[in-house]
Protein chains: 4
Amino acid sequence: TARQNVGAKGRVFAPYSVYKGKAALSVDPVLPTFAKLDSGDLRVQRKGVIMLTFWPSIGERKYDWARRQHFGLSPTEVGSLISMGPKESSEFFHDPSMLSSNAGQVRKSLSIKALADGNGYFVSLNVVNNLLKTTERFVVPVTTAEFTVMKTACSFALPHLMGWDRLTNPLPVASNKSS
Amino acid sequence: TARQNVGAKGRVFAPYSVYKGKAALSVDPVLPTFAKLDSGDLRVQRKGVIMLTFWPSIGERKYDWARRQHFGLSPTEVGSLISMGPKESSEFFHDPSMLSSNAGQVRKSLSIKALADGNGYFVSLNVVNNLLKTTERFVVPVTTAEFTVMKTACSFALPHLMGWDRLTNPLPVASNKSS
Amino acid sequence: TARQNVGAKGRVFAPYSVYKGKAALSVDPVLPTFAKLDSGDLRVQRKGVIMLTFWPSIGERKYDWARRQHFGLSPTEVGSLISMGPKESSEFFHDPSMLSSNAGQVRKSLSIKALADGNGYFVSLNVVNNLLKTTERFVVPVTTAEFTVMKTACSFALPHLMGWDRLTNPLPVASNKSS
Amino acid sequence: TARQNVGAKGRVFAPYSVYKGKAALSVDPVLPTFAKLDSGDLRVQRKGVIMLTFWPSIGERKYDWARRQHFGLSPTEVGSLISMGPKESSEFFHDPSMLSSNAGQVRKSLSIKALADGNGYFVSLNVVNNLLKTTERFVVPVTTAEFTVMKTACSFALPHLMGWDRLTNPLPVASNKSS
């Protein structure tokens with residue numbers, strides 16, 4: 001079996017980024033990979049994610065990309081995000097070393113907390129690294145307009161993360177050729 | 001007339017699965033088939049469905065795929081599912097032998113029942129088979145996040161099940177070639 | 001300028017139909033046509049419509065297609081339909097001979113009326129033809145599930161009716177070829 | 001790096017226009033441009049916008065296109081528009097000469113104001129040009145149905161403006177070729 005994705009031909013970088021006082025946040029879809037079965041059929045091998053990237057501000061309009069931290073939302077976590085009402089909050093926990101010998105050494109938590117007035121959210125990422133003895137925290141206030149962009153774009157992306165966009169019916173022209 | 005679908009070239013398996021204590025549930029779209037008319041036009045021959053598959057747990061993290069049962073949601077049943085509010089419930093009945101001599105011998109019922117707190121649903125399938133003298137029952141609790149994934153993915157898939165995605169306008173490049 | 005649409009290669013028939021006691025109703029998108037400008041650019045020439053077709057019942061499970069009547073919803077009328085709440089009603093009026101010498105001779109009115117319990121709609125078409133001295137009336141009760149399919153499919157189709165699906169960015173592969 | 005868009009092959013004009021008593025308003029998506037990186041990957045260079053164009057009425061069913069004014073909504077401003085409830089209002093401010101020596105000389109403000117009865121909006125554009133000593137104002141009443149078309153079409157277009165539609169998984173046929 002072989003992994004296949006668009007990246008094989010040249011990836012497309014199209015992050016949606018917001019730059020705020022203390023940190024920046026970008027939202028970027030990562031496509032699933034597919035494995036080819038002996039039958040010639042394809043199966044989703046690794047589901048796609050919505051990758052959130054946080055990096056800190058280090059001065060006016062300056063941000064330090066080298067200190068970025070990632071949090072990849074699974075399809076079900078995306079379902080949680082896009083179903084959030086204006087007064088609701090969510091929290092997600094990831095252990096990037098889960099199932100390895102370092103399990104539990106790095107703990108990431110993402111919190112999306114509605115503002116009291118319902119006009120946006122605080123999106124924050126906490127990374128506690130017991131191996132490096134570090135704790136990092138990013139907080140990015142997100143307006144309703146920005147969160148709507150994220151929800152709309154993530155809803156659009158969700159079937160793609162799941163591999164369901166592969167199910168598109170071929171166009172008539174293609175059908176004629178294949179018959 | 002000839003049936004045509006993507007499967008002719010190699011199917012794509014991209015189920016959305018949730019594994020719970022007593023059973024697992026996967027959700028998977030099945031595309032429609034088209035018939036070519038004498039005029040050269042195409043007509044939807046058999047509408048697509050959202051195939052639900054249930055299979056039982058037989059131990060910790062072990063599930064018995066051989067004992068799976070299917071329930072295929074028609075476009076209208078998908079419409080019912082995606083319009084469900086957080087407090088609503090639905091029930092669907094299928095007779096897989098309808099219109100045959102075995103009509104009424106196997107009865108399948110799918111129930112989607114909102115949890116009292118509005119934070120998810122119990123999805124259960126009941127299969128009563130009078131020929132085999134068996135009754136099987138699967139119950140899968142589904143969270144709001146998981147149900148949102150199912151609703152979003154089914155909303156995306158619905159026009160595809162109906163064959164409406166074939167109606168996409170050709171891109172300019174294609175138009176130039178055809179003129 | 002030349003009209004171009006998928007039909008040139010073979011149309012795709014994918015109506016969504018509901019068969020009820022007194023009449024049947026089908027919903028079917030009709031794509032826009034494009035004109036090629038001298039500059040080589042394309043412009044939408046005639047917007048697409050959602051074509052509603054009604055035809056009467058003439059016995060058990062028998063319907064008379066020869067007596068069908070059409071009502072084509074413009075993009076703005078589709079906007080009206082998809083924004084209807086469960087308790088709302090809408091009415092649309094068309095004169096198929098508008099701006100011709102027969103203007104006013106045939107009057108079509110489409111009514112979508114919420115059921116008192118909010119569980120569906122009565123969709124009815126009235127055609128008064130003063131030339132033929134005929135009046136025809138079709139009434140089709142539509143469940144919430146069926147109306148959800150219509151709304152979801154019409155929302156999907158709307159950008160296609162407007163020609164906005166032509167605006168899709170070319171995939172990387174295509175870009176490479178064009179550079 | 002080179003800019004690439006569909007326009008290279010022939011643009012597609014598909015504006016959604018409403019003609020009212022004092023002015024007309026059209027809504028039209030403008031795709032992003034991409035830059036090719038040295039790695040062969042692509043990056044969004046300039047995000048797409050939803051271009052609003054206003055032009056005044058100069059008599060019955062006559063409008064003066066030469067006096068049109070534009071207002072291009074960014075993805076985040078589109079997020080603001082599509083999240084507006086039936087009783088909400090929004091205002092946006094643009095300085096087309098921002099960061100140039102003429103900064104502040106031309107000020108554009110777009111206002112979307114809900115009607116008191118919740119059945120539509122007043123959409124108005126104000127352009128104050130200190131260089132030309134002119135002030136222009138356009139007001140276009142938009143019905144709920146028309147605003148629903150704009151919201152649905154802008155929601156559809158939003159991932160395209162961001163470049164996320166480039167992330168579509170290749171179809172199985174394409175995969176076979178690439179393996």
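Here is how the numbers come out for the structure above:
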{"item": "Residue B:161 vs. criteria more than 9 Å from chain C (Cβ to nearest Cβ) and assigned to a loop (DSSP other than H, G, I, E, B)", "result": "no"}
{"item": "Residue satisfying all of: in the range C:48-65; surrounded by fewer than 19 Cβ atoms within 10 Å (Cβ to Cβ) and hydrophobic (A, V, I, L, M, F, W, C); farthest from residue C:161 (Cα to Cα) among these", "result": "C:58"}
{"item": "Flag for residue A:45 being more than 27 Å from residue A:156 (Cα to Cα) and either of a type outside the set (Ser, Thr, Tyr) or surrounded by fewer than 16 Cβ atoms within 10 Å (Cβ to Cβ) (or both)", "result": "no"}
{"item": "Filtered residues of the range D:59-83 (kept if in contact with a strand residue (DSSP E or B) (Cβ under 6 Å, 6 or more places away or on another chain), of a type outside the set (Gly, Ala, Ser) and more than 14 Å from residue D:109 (Cα to Cα))", "result": "D:63, D:64, D:65, D:67, D:68, D:78"}
{"item": "Given (1) within 27 Å of residue D:18 (Cα to Cα); (2) more than 10 Å from every other protein chain (Cβ to nearest Cβ), index of the condition residue C:63 fails", "result": "(1)"}
{"item": "Matching residues, the range A:49-84, being within 21 Å of residue B:26 (Cα to Cα) and among the acidic types (Asp, Glu)", "result": "A:77"}
{"item": "Restricting the range D:64-80 to residues that are free of Cβ contacts under 8 Å to residues at least 60 places away in the same chain and of a type in the set (D, E, K, R), the residue that is nearest to residue A:149 (Cα to Cα)", "result": "D:77"}
{"item": "Residues of the range C:114-143 satisfying the condition of being within 21 Å of residue C:14 (Cα to Cα) and in contact with a Ser or Thr (Cβ under 9 Å, 6 or more places away or on another chain)", "result": "C:123, C:140, C:143"}
{"item": "Residues that are in a helix (DSSP H, G or I) and in contact with a Pro (Cβ under 6 Å, 6 or more places away or on another chain), drawn from the range C:112-157", "result": "C:149, C:153, C:156, C:157"}
{"item": "Within the range A:66-94, considering residues that are of a type in the set (Gly, Ala, Ser) and in a helix (DSSP H, G or I), the one farthest from residue A:138 (Cα to Cα)", "result": "A:79"}
{"item": "Number of the condition not met by residue C:90 [criteria: (1) in contact with a strand residue (DSSP E or B) (Cβ under 9 Å, 6 or more places away or on another chain); (2) within 23 Å of residue D:18 (Cβ to Cβ); (3) surrounded by fewer than 19 Cβ atoms within 10 Å (Cβ to Cβ); (4) away from every other protein chain (no Cβ under 14 Å)]", "result": "(4)"}
{"item": "Out of D:103, D:35, sole residue that is more than 9 Å from every other protein chain (Cβ to nearest Cβ), over 13 Å from the mean Cα position of the chain (by Cα) and assigned to a strand (DSSP E or B)", "result": "D:35"}
{"item": "Checking residue A:75 against (1) within 14 Å of chain B (Cβ to nearest Cβ); (2) surrounded by fewer than 19 Cβ atoms within 10 Å (Cβ to Cβ), the condition it does not meet", "result": "(2)"}
{"item": "Test set (1) more than 28 Å from residue B:14 (Cα to Cα); (2) within 11 Å of chain D (Cβ to nearest Cβ); (3) buried (at least 19 other Cβ atoms within 10 Å of the Cβ) - residue A:17 fails condition number", "result": "(3)"}
{"item": "Checking residue D:169 against (1) in a helix (DSSP H, G or I); (2) crowded, with 21+ Cβ neighbours inside 10 Å; (3) at pLDDT below 90; (4) not charged (D, E, K, R), the condition it does not meet", "result": "(1)"}
{"item": "So residue D:43, is it farther than 22 Å from residue A:86 by Cβ and at pLDDT below 95", "result": "yes"}
{"item": "Residue B:120 vs. criteria over 26 Å from residue A:153 (Cα atoms) and either modelled with pLDDT under 95 or surrounded by 14 or more Cβ atoms within 10 Å (Cβ to Cβ) (or both)", "result": "no"}
{"item": "Residues of the range D:33-42 satisfying the condition of being surrounded by fewer than 21 Cβ atoms within 10 Å (Cβ to Cβ) and either touching a strand residue (DSSP E or B) at 6+ places or on another chain (Cβ under 9 Å) or closer than 15 Å to residue D:165 by Cβ (or both)", "result": "D:33, D:35, D:36, D:37, D:41"}
{"item": "Residues of the range B:12-32 classified as outside any strand (DSSP E or B) and without any contact (Cβ under 8 Å) to a residue 24 or more places away in the chain, total", "result": "1"}
{"item": "Test for residue A:57: is it assigned to a strand (DSSP E or B), more than 10 Å from the chain's Cα centre (by Cα), among the polar types (S, T, N, Q) and more than 14 Å from chain B (Cβ to nearest Cβ)", "result": "yes"}
{"item": "Qualifying residue in the range D:136-147 (condition: out of contact with any helix residue (DSSP H, G or I) (no Cβ under 7 Å at 6 or more places or on another chain), more than 10 Å from chain A (Cβ to nearest Cβ), within 30 Å of residue A:17 (Cα to Cα) and in contact (Cβ under 8 Å) with a residue 40 or more places away in the chain)", "result": "no"}
{"item": "Positions within the range D:47-63 being at negative phi and free of Cβ contacts under 8 Å to residues at least 24 places away in the same chain, in sequence order", "result": "D:58, D:60, D:62"}
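The values are calculated or read from the model by the stated rules, or taken from the named source; none is laboratory data. The shown structure was predicted, so the numbers you read here are calculated from the model rather than taken from an experiment. Please note: Cβ atoms are built from the backbone with ideal geometry, for glycine as well, and neighbour counts cover all protein chains shown.
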